[in-house]
Amino acid sequence: MREVPVLPLPRPRRWALLCGALFLLTSCGWGSAQGGDGDGGGLPAVPTGVTAEAGSATTVHVMWNAVDDVRTYEVYRGGTLVKEVPAAERMVDVTRLRPSTSYVFTVRARDADGRLGPRSREVRATTPAEVADDSAPTRPGNVHGRAAGSRAVQLTWSAAKDDRGVVSYDVYQGDTKVHSVGGGQTAAVVTGLRAGTRYTFTVRARDAADNVSPAGAAVRLTTPGTDDGRATAPTELRAASHLADGAYYLDLSWVPPRTETPVTEYQIHLDGRAATSLVYGADAPRDRAEYSFYAGREAGVVHRVRIRARLADGTWGGLSAEREVTTGTGR
């Protein structure tokens, strides 16, 4: 769900523009980190674990494992680039395909310096025949789940019914689609999760005409282990204030948490509550991030500030250390 700021939109400072354009979006990502490209040339590694499943008569769902230190992934149909996705995402629906057609897909990783890594192994998927169908499948029943270690869960369900046949099942974490399997499967493993974290999953069935069922019953699971948040919290948070056009702004800078993919979304807590959210584009900072936002027109007001990052599994990481800043004092 998109965060709704409770403060007016920030007035960016000149130096903040260096961080790249900011815009609101939703992001999520899944998979396990892979390291080493094996060629010694310093290029991004080859994406592994690539799979492709027909989602309907005109779509194919492609997934892969994460590669360290990349900016984007490129998905190819044959030799044609069809999708480019940010590093936080490791899955995509390739659309506008032809029914009853076999396709070959590969994935490549591109790093922050623009270097493009080798292609993954080829994977094939065949779209089913197109049918005239206005009826959605029934919802998947008997949905169950269990933790499969501290970083994965296994989900199972009973098959949905459809007058033309179910082509695929889509797995959602909250409102975000995170996995897809073929219509003949009634189980899925979702990886890339965190220990000691509560998740909610649902499953929907899809037919060849792209009709989607209602969600099955929600499954709520907590992965075992502990997570005190320190490993995923931003560090070295600094806070100051400045005056511009008769109003005070809070200036924040911090070091992003060291995660397998760049953090593209942050939530800023002001005086003990979530105040505003910040989302970067493809050029999310890896070394130090900066942000400035409106704090009112009164001098001498003391504010407490903390920040946390949305991680690749769609959950929030730990909160940073708290800092105090007083409007009108510059610190």
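The values are calculated or read from the model by the stated rules, or taken from the named source; none is laboratory data. No experiment lies behind these values; they were computed from the predicted model shown. Counting neighbours? That spans all protein chains shown, and the Cβs are built from the backbone with ideal geometry, glycine included.
A few comments on the model shown:
Every residue, every condition in (1) in contact with a helix residue (DSSP H, G or I) (Cβ under 6 Å, 6 or more places away or on another chain); (2) without any contact (Cβ under 8 Å) to a residue 60 or more places away in the chain, yes or no:
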{"residue": "R230", "(1), (2)": "no, no"}
{"residue": "S241", "(1), (2)": "no, no"}
{"residue": "G246", "(1), (2)": "no, yes"}
{"residue": "D271", "(1), (2)": "no, yes"}
{"residue": "S292", "(1), (2)": "yes, no"}
{"residue": "V302", "(1), (2)": "no, yes"}
{"residue": "G314", "(1), (2)": "no, no"}
{"residue": "L319", "(1), (2)": "no, no"}
{"residue": "V325", "(1), (2)": "no, no"}
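- If you go through region 99-121 and keep only what is closer than 11 Å to R77 by Cβ and either modelled with pLDDT under 95 or not in a strand (DSSP E or B) (or both), you end up with just T101.
- Residue in region 216-225 that is crowded, with 17+ Cβ neighbours inside 10 Å and not in a loop (DSSP other than H, G, I, E, B) present: yes
- Residue within region 302-310 that is at pLDDT below 90, within 27 Å of R90 (Cβ to Cβ), outside any loop (DSSP other than H, G, I, E, B) and outside the structural domain of A109 (by TED's automatic domain parsing) present: yes
Residues checked against (1) at pLDDT 90 or above; (2) under 23 Å from the mean Cα position of the chain (by Cα); (3) more than 30 Å from T72 (Cα to Cα):
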residue	(1), (2), (3)
A187	yes, yes, no
L193	no, yes, no
G196	no, yes, no
F201	yes, yes, no
L221	yes, yes, yes
S241	yes, no, yes
T264	no, yes, no
A274	no, yes, no
